[in-house]
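Encoded as structure tokens, the structure appears first; notes follow it.
The values are calculated or read from the model by the stated rules, or taken from the named source; none is laboratory data. What you see is a predicted model; the values in this text were computed from it and never measured. Note that each Cβ is placed from the backbone with ideal geometry, even for glycine, and that neighbours are counted across all protein chains shown. The area values use the complete protein model at the heavy-atom level, side chains included, leaving out ligands, DNA and RNA. Shrake-Rupley method; radii C 1.70, N 1.55, O 1.52, S 1.80 Å.
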Amino acid sequence: MEDYSKELLRTGIIEAKTGNHDTARRYLDRAIYMSGSHAVLAEAWFWMGEVTVDPVEKRKALENCLSLDLRHARARRALAILDGKLKADEVINPDQLPVTPDGLRNAQRDVQRFMCPKCGGRMSFAPDGQTLVCEYCTRNQTLGMGVQTADEKDFIVAMATARGHGKPLQEQVFHCNGCSAEFILPPKQISASCVYCDSPHVVSLEKTKDLLAPDGIIPHAFDQKRAVKLLIDWVEGNNIQPEKKVDLPRGLYLPLWTFDIGGVIDYTGEMIENDEEIFGVRGQKKVVRVTDQYPVMVDDLPLPASRKPSAVFLKMIPTFDMRSIKPYDPRFLASWPAEIYDVPMADASLDARGQAYTKYKRELPYLISNLNIVHTSSANLMIESFKLNLLPVWMTELPFDGREHLVLINGQSGVVLSDIPDKMQKQEETEEGGLLDFLSDLLSD
């Protein structure tokens, strides 16, 4: 019976692909009536939606498909198009990704400029997490975000577009709306100030087709003076002797992917069972194989979206309070540089999935008692949703032990971390004057 329903489904798909929609509907309807397999039913309902013109009936078919198989990617994508969350012309073939054009990209229509509506002065985001402040007349503009959380994006929908696979490769040419000058923004930045009139600009990534816009942001919580104090305290506390003058910390935002992972891990295990005792004779031991599934639920698995500072940034990620992430607003970046990702979402998702699988595979023997795990599979493990977040950091380089060491300061909590090995820190200070000279130079800037 099940083979017959599969044959009906196969014939219905062939008729649908050849344009015979009425005939396809008859075969698919029959397959739905005959089959008891969730996989066959889900596929039949999906194709029923493909040959249905009426939006109400199409939605019903797609929802029926997803009720049987929530991981059905094509049904989720079709439903997103029906809901207006995805445009049909944005769907790409992942095996034939569009080629990025050579040369500079003209992005003059995709930027926002932040100037004071009262005096026309430059506006900057204040490190209080709440306001834009004019640098001349001190006019305040409250962002009015309130208590909100950043929304997560559907992974399947994003992967259907070029944005899910792309990364910034081109420099962008901007036309300043203030002085009409043109300036070039490096491919990894999404905010900058005009080199002529100093007015701040932020790229509107929501309007582009090749990159994903940020979903959330943790605003900077303190200014450069506070960052310098934290750096000095850290240098003194670790008895580090900088070999020359250190540049002041630079405030910026670094990108971070977070992924929600679900599904199940399929496993096969062995357990020892004893036969029943008969007439006082103990039964023999035998090995029994068990095949089952273990549910996976991972919320907001973080992965750096920028390669350059990833080692130090990776250590810093746990020091952020992710519960305070706000919905992204370009005004947060006024006068603050921000890097966009250079690790495509598709690549990061593979790493996230691999990390989740490795963690559960390692813990599975402890989660399932009295079972020796002999085989596991990640075939039914899936990325459900994701966010692109911007995290605040202060960055500088510390000349020490013959080279420049990266130092990052958490712009939310003030935690300081670097790539200086722990064994080189807390070393005994030998030239006290050198450290004092360094501190005085840094504070006098």
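Looking at 263, 354, which is the one that is under 30 Å from residue 215 (Cα atoms) and assigned to a strand (DSSP E or B)?
Values: 354 fails: assigned to a strand (DSSP E or B).
Result: 263 is the single residue among 263, 354 that is under 30 Å from residue 215 (Cα atoms) and assigned to a strand (DSSP E or B).
Residues in the stretch 339-360 that are open to solvent by less than 20 Å² (accessible area, probe 1.4 Å), within 20 Å of residue 394 (Cα to Cα) and either of a type in the set (A, V, I, L, M) or out of contact with any strand residue (DSSP E or B) (no Cβ under 7 Å at 6 or more places or on another chain) (or both): how many?
Residues of the stretch 339-360 that are open to solvent by less than 20 Å² (accessible area, probe 1.4 Å), as a first pass: 340-341, 343-346, 348-349, 352, 356.
Cutting the leftovers down to within 20 Å of residue 394 (Cα to Cα) gives us 340-341.
Cutting the leftovers down to either of a type in the set (A, V, I, L, M) or out of contact with any strand residue (DSSP E or B) (no Cβ under 7 Å at 6 or more places or on another chain) (or both) gives us 340.
Within the stretch 339-360, residues that are open to solvent by less than 20 Å² (accessible area, probe 1.4 Å), within 20 Å of residue 394 (Cα to Cα) and either of a type in the set (A, V, I, L, M) or out of contact with any strand residue (DSSP E or B) (no Cβ under 7 Å at 6 or more places or on another chain) (or both) number 1.
When the stretch 370-420 is examined, which residues are found to be charged (D, E, K, R), open to solvent by 50 Å² or more (accessible area, probe 1.4 Å) and out of contact with any Phe, Trp or Tyr (no Cβ under 7 Å at 6 or more places or on another chain)? Full working, then the answer.
The initial filter retains those residues of the stretch 370-420 that are charged (D, E, K, R), namely 384, 387, 397, 401, 403-404, 419.
Imposing the further condition that a residue be open to solvent by 50 Å² or more (accessible area, probe 1.4 Å) reduces the set to 384, 397, 401, 403-404, 419.
Selection gives 397, 401, 403, 404, 419.
Any idea which of (1) more than 30 Å from residue 272 (Cα to Cα); (2) in a helix (DSSP H, G or I); (3) over 19 Å from the mean Cα position of the chain (by Cα) is the one residue 364 doesn't satisfy?
Exception for residue 364: condition (1).
Determine whether residue 336 is among the hydrophobic types (A, V, I, L, M, F, W, C) and open to solvent by 20 Å² or more (accessible area, probe 1.4 Å). Give the derivation first.
Working: among the hydrophobic types (A, V, I, L, M, F, W, C): yes; open to solvent by 20 Å² or more (accessible area, probe 1.4 Å): yes.
Spelling it out, residue 336 is indeed among the hydrophobic types (A, V, I, L, M, F, W, C) and open to solvent by 20 Å² or more (accessible area, probe 1.4 Å).
Filter the stretch 80-92 for residues that are open to solvent by 40 Å² or more (accessible area, probe 1.4 Å) and in contact (Cβ under 8 Å) with a residue 60 or more places away in the chain and give the result. Lay out the reasoning, then the answer.
Restricting attention to the stretch 80-92, the residues satisfying the condition of being open to solvent by 40 Å² or more (accessible area, probe 1.4 Å) are 81-85, 87-89, 91.
Within the stretch 80-92, 85, 91 qualify.
Is it the case that the stretch 224-237 has a residue that's of a type outside the set (Ser, Thr, Tyr) and assigned to a loop (DSSP other than H, G, I, E, B)?
Residues of the stretch 224-237 of a type outside the set (Ser, Thr, Tyr): 224-237.
Among the residues that remain, those that are also assigned to a loop (DSSP other than H, G, I, E, B) are: none.
No, the conditions are met nowhere in the stretch 224-237.
Can you name the condition, by its number, that residue 424 falls short on among (1) modelled with pLDDT of 90 or more; (2) out of contact with any Pro (no Cβ under 8 Å at 6 or more places or on another chain); (3) open to solvent by less than 60 Å² (accessible area, probe 1.4 Å)?
Here residue 424 clears every test but (1).
Say we look at the stretch 316-333 and pick out the residues that are under 17 Å from the mean Cα position of the chain (by Cα) and over 23 Å from residue 407 (Cβ atoms); which of these is most open to solvent (accessible area, probe 1.4 Å)?
This residue is 323.
What number goes with the only condition from (1) within 30 Å of residue 404 (Cα to Cα); (2) under 15 Å from the mean Cα position of the chain (by Cα); (3) modelled with pLDDT of 90 or more; (4) open to solvent by less than 20 Å² (accessible area, probe 1.4 Å) that residue 306 does not pass?
It is condition (3) that residue 306 fails.
Scan the stretch 176-185 and give yes if some residue there is modelled with pLDDT of 90 or more, in contact with a His (Cβ under 9 Å, 6 or more places away or on another chain) and assigned to a strand (DSSP E or B), otherwise no.
As a first pass, look at the stretch 176-185 and keep what is modelled with pLDDT of 90 or more: none.
So far as the stretch 176-185 goes, no, none of its residues is modelled with pLDDT of 90 or more, in contact with a His (Cβ under 9 Å, 6 or more places away or on another chain) and assigned to a strand (DSSP E or B).
Is the stretch 237-256 home to any residue that is more than 19 Å from residue 305 (Cα to Cα), surrounded by fewer than 15 Cβ atoms within 10 Å (Cβ to Cβ), modelled with pLDDT of 90 or more and out of contact with any helix residue (DSSP H, G or I) (no Cβ under 8 Å at 6 or more places or on another chain)?
Looking through the stretch 237-256, none of the residues is more than 19 Å from residue 305 (Cα to Cα), surrounded by fewer than 15 Cβ atoms within 10 Å (Cβ to Cβ), modelled with pLDDT of 90 or more and out of contact with any helix residue (DSSP H, G or I) (no Cβ under 8 Å at 6 or more places or on another chain).
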